[in-house]
Amino acid sequence: MSQKKDDMSTEAVGLGRRRFLNTAALTGLTLGVAACNDKPETAPAASGTSAAAPAAHASSATHLKPGELDTYYGIWSGGHTGDMRILGLPSGREIHRIPCFVPDALVGWGLTNESKAVMGTKPDGSLRYTVADTHHTHASYKDGNYDGRYAWINDKINSRIARVRLDYFVCDKITELPNVQGFHGIFPDKADPVDPAINYTTRVFCGAEFAIPLPNNGGDINNPEKYRSMFTCVDAESMEVRWQVLIDGNCDLTATSYDGKLAATNQYNIENGVHYEDMMSSERDACLFFNIARIEEAVKAGKFTTVGTSKVPVVDGTRENNKDPKTALTAYVSVPKNPHGVNASPDAKYFICAGKLSPTATVIELSKVLDWFDGKLAELDKAIVAEVEIGLGPLHTAFDGRGNAYTTLFLDSQVVKWNVDAAIKFHAGDKTAKYVVDRLDVHYQPGHINASQSETRMADGKYLAVGCKFSKDRFLPVGPLHPENEQIIDISGDKMVLLADHPVRGEPHDFIIFKRDLLKPKQVYDINDFPLAIKDSKESGVTRNGKKVTVKITSQAPAFSLREFTVKKGDEVTLILTNLDKIEDLTHGFAIPKYNVNFIVNPLETKSVTFIADQPGVFWCYCTHFCHALHLEMRTRMIVEA
């Protein structure tokens, strides 16, 4: 459905493109990407749209005074760098990067024994994986808001999920999901589906995008009917996989209800197609809902199977075996073909799926989905309370807590602001309901979007961030590989105002934004958290057990506790370093030339590395992190005897 031409407040060409999309979606996608080359250097606002240029009165919000702190934290995915980025908002300043899946030379991630234990190694001690593709990141909840305990991030390539402790901003657990490929969507639950006293996160849900033969051991390669995807539940504390659901179609993104009863994933390729043309035959795809309490009852009752060597319980969530609402574990609500994104509204009433190749957003009322599971709703698709046209290429949706949704339009290169209640009225037949509130040109082809506190009950409608996949002419040219463009928008008023552009190395995806007072980060480690900690410099020294040598050393500006230490060629050396400085921001580094050793230790932190002393000679080990006026003199000698 769509509003009248004058209600849509768009250029005539925009409406023409919308009509075109309905008849030639795929061709429209190609033309839409190319169209941004036709934009003028400073694009004027279309009739009825907000101006793209920053407003002088608002842009100052992103330029903080020296020493002034941001009011929000932003947790961003790092893309192919395999890490998590921490930003301050509204400035957009990058404050920190947390390595998770990929080695990092600054902190020694992937080099130290402690980080290798988290990342996972092969039998020879080398890292199991050294590449990653992080997409989505979300944080733990309590009472419908973030509680500052954990954040999680996915690795699509290797089907891994990492957990980050938000007290120290470090990755402490990584779990590889069994039986899946292309793990994409991720979202924690916000409450327990049965026990109302558990009003905090205990599970994290993970959607697998690619269907594979199960078990994927070389059999059934040419039998697409045997290909299936899985939806996975991971325990938030232990990070062990609790259960999986066998499903029809691919998972894209994931959302959870505030009462904990429902999780969902928007799906494309419900046909289970292996080739492109096989994925496009159905008229519509689905938003797949999971009844969490019933799934866990089935697992508890032993109504599950396992796949291959995995011991994880797998229940059947396919369409064929979930037709009876009163026993169904899953529910497939139909949505337009190739949906992209499913998001929960802060009022806890709705999930919204964006159309991508359809110019529509679909609003699904959660209480009606629960009614279907209870046998009170005859047709599941009656849970759809609005399906309205909002623009070309809708992808992801954020909220302001005032009843408005903000959706990225990939082909229109816009953000559209629309009112959910008005959209429901329009869908119900009230053609006077003007649901589109505002449009803003962004640059270019926006993907993910989020607003301050948007994914909580406390959405405050202050700032919006949007990740644009193409930057083109927005920054100084740096050769063929362009940065992406992350833009910050003021949404506190009736009209959206673009505040700032920020170049970012590709390819980040999702992010969340929340008030800074929800986190209480620790500035100094607790030395008792480290079993190998050297609590007194007098404990420093070298001990030998055959060819295995342990070197214990401490750092305290501006010196290491050992002036030198001696090992023999061929020794397996384990070096343990504790930073005894207790002062905030006094980090030390430790590097050994020619031995591929470089890592840091923060105040009262302990790390260790193990290597073979295979090169005889003198090697000056030095502090790599500036710490003192005598920083350059902070060294020790490793002497390797031939």
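The values are calculated or read from the model by the stated rules, or taken from the named source; none is laboratory data. Bear in mind the structure is a predicted one, so any value in this text is a computation, not a measurement. Using ideal geometry, Cβ is built from the backbone for each residue, glycine included, and neighbour counts are taken over all protein chains shown. Accessible surface is based on the protein model in full, side chains and every heavy atom, while ligands, DNA and RNA are left aside. Shrake-Rupley method; radii C 1.70, N 1.55, O 1.52, S 1.80 Å.
With the structure loaded, tell me whether residue 270 is aliphatic (A, V, I, L, M), part of a loop (DSSP other than H, G, I, E, B) and under 26 Å from the mean Cα position of the chain (by Cα) or whether it fails that test. I'd like the intermediate steps shown before the answer.
On the way: aliphatic (A, V, I, L, M): yes; part of a loop (DSSP other than H, G, I, E, B): yes; under 26 Å from the mean Cα position of the chain (by Cα): yes.
Against the criterion (aliphatic (A, V, I, L, M), part of a loop (DSSP other than H, G, I, E, B) and under 26 Å from the mean Cα position of the chain (by Cα)), residue 270 qualifies.
Name the residues in region 309-341 that are exposed (fewer than 14 other Cβ atoms within 10 Å of the Cβ) and under 16 Å from residue 243 (Cβ atoms), would you? Hit for region 309-341 is 311, nothing else. Scanning region 120-156 for residues that are of a type in the set (Gly, Ala, Ser) and farther than 15 Å from residue 81 by Cβ yields 120, 125, 126, 139, 140, 144, 148, 151. For region 411-428, the count of residues that are at pLDDT 95 or above, open to solvent by 10 Å² or more (accessible area, probe 1.4 Å) and under 22 Å from the mean Cα position of the chain (by Cα) is zero. Pairs meeting the criteria (first residue in region 516-535 and more than 18 Å from residue 113 (Cβ to Cβ), second residue of a type in the set (Gly, Ala, Ser), beta carbons under 8 Å, at least 6 apart or on different chains) are 518/148; 519/148; 520/148.
Select, from 447, 461, 467, the only residue that is without any contact (Cβ under 8 Å) to a residue 60 or more places away in the chain and either of a type in the set (Gly, Ala, Ser) or open to solvent by less than 30 Å² (accessible area, probe 1.4 Å) (or both). Going through 447, 461, 467 in turn, just one is without any contact (Cβ under 8 Å) to a residue 60 or more places away in the chain and either of a type in the set (Gly, Ala, Ser) or open to solvent by less than 30 Å² (accessible area, probe 1.4 Å) (or both): 467.
Being over 19 Å from residue 206 (Cα atoms) and in contact (Cβ under 8 Å) with a residue 60 or more places away in the chain is a property that residue 179 lacks. Pull up region 584-614, narrow it to residues that are open to solvent by 30 Å² or more (accessible area, probe 1.4 Å) and touching a residue at least 40 places away in the same chain (Cβ under 8 Å), then point me to the one that is nearest to residue 537 (Cα to Cα). Of everything passing the filter in region 584-614, 602 is nearest to residue 537 (Cα to Cα).
Taking region 197-232 as the region of interest, how many residues are open to solvent by less than 30 Å² (accessible area, probe 1.4 Å) and of a type outside the set (A, V, I, L, M)? Counting residues in region 197-232 that are open to solvent by less than 30 Å² (accessible area, probe 1.4 Å) and of a type outside the set (A, V, I, L, M) gives 12. Yes or no: region 558-575 includes at least one residue that is open to solvent by less than 10 Å² (accessible area, probe 1.4 Å), farther than 24 Å from residue 535 by Cβ, of a type outside the set (A, V, I, L, M, F, W, C) and touching a residue at least 24 places away in the same chain (Cβ under 8 Å). Yes: region 558-575 contains one or more residues that are open to solvent by less than 10 Å² (accessible area, probe 1.4 Å), farther than 24 Å from residue 535 by Cβ, of a type outside the set (A, V, I, L, M, F, W, C) and touching a residue at least 24 places away in the same chain (Cβ under 8 Å).
Within region 616-642, residues that are open to solvent by 70 Å² or more (accessible area, probe 1.4 Å) sit with their Cβ atoms under 7 Å from residues that are not in a strand (DSSP E or B), at 6+ positions apart or across chains, in these pairs: 620/593; 622/634; 630/558; 633/558; 641/569; 641/616; 642/569; 642/616. For residue 237, the requirement of being farther than 30 Å from residue 387 by Cα, open to solvent by 10 Å² or more (accessible area, probe 1.4 Å) and in a loop (DSSP other than H, G, I, E, B) is met. Is it true that residue 80 is surrounded by fewer than 18 Cβ atoms within 10 Å (Cβ to Cβ), modelled with pLDDT of 50 or more, within 22 Å of the chain's Cα centre (by Cα) and within 30 Å of residue 279 (Cα to Cα)? Here the answer is yes, as residue 80 does meet what is asked.
Take the residues of region 89-108 that are in a strand (DSSP E or B) and free of Cβ contacts under 8 Å to residues at least 40 places away in the same chain: which is nearest to residue 501 (Cα to Cα)? Ranking the qualifying residues of region 89-108, first place goes to 93. Only residues that are within 21 Å of residue 231 (Cβ to Cβ), assigned to a strand (DSSP E or B) and charged (D, E, K, R) were counted across region 136-168, and they come to 3. Can you pull out the residues in region 391-410 that are open to solvent by less than 10 Å² (accessible area, probe 1.4 Å) and within 16 Å of residue 467 (Cβ to Cβ)? Selection gives 393, 394, 396, 397, 398, 406, 407, 408, 409.
Let's see how each residue does on (1) of a type in the set (S, T, N, Q); (2) open to solvent by less than 10 Å² (accessible area, probe 1.4 Å); (3) touching a Lys or Arg at 6+ places or on another chain (Cβ under 9 Å):
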position: 65; (1), (2), (3): no, no, no
position: 68; (1), (2), (3): no, no, no
position: 73; (1), (2), (3): no, no, yes
position: 88; (1), (2), (3): no, yes, yes
position: 91; (1), (2), (3): yes, yes, no
position: 120; (1), (2), (3): no, no, yes
position: 152; (1), (2), (3): no, yes, yes
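Taking every residue in region 213-241 that is on the phi > 0 side of the Ramachandran plot and pairing it with any residue that is part of a loop (DSSP other than H, G, I, E, B) and surrounded by 11 or more Cβ atoms within 10 Å (Cβ to Cβ), at least 6 positions away or on another chain, the pairs with Cβ-Cβ distances below 9 Å are 220/214.
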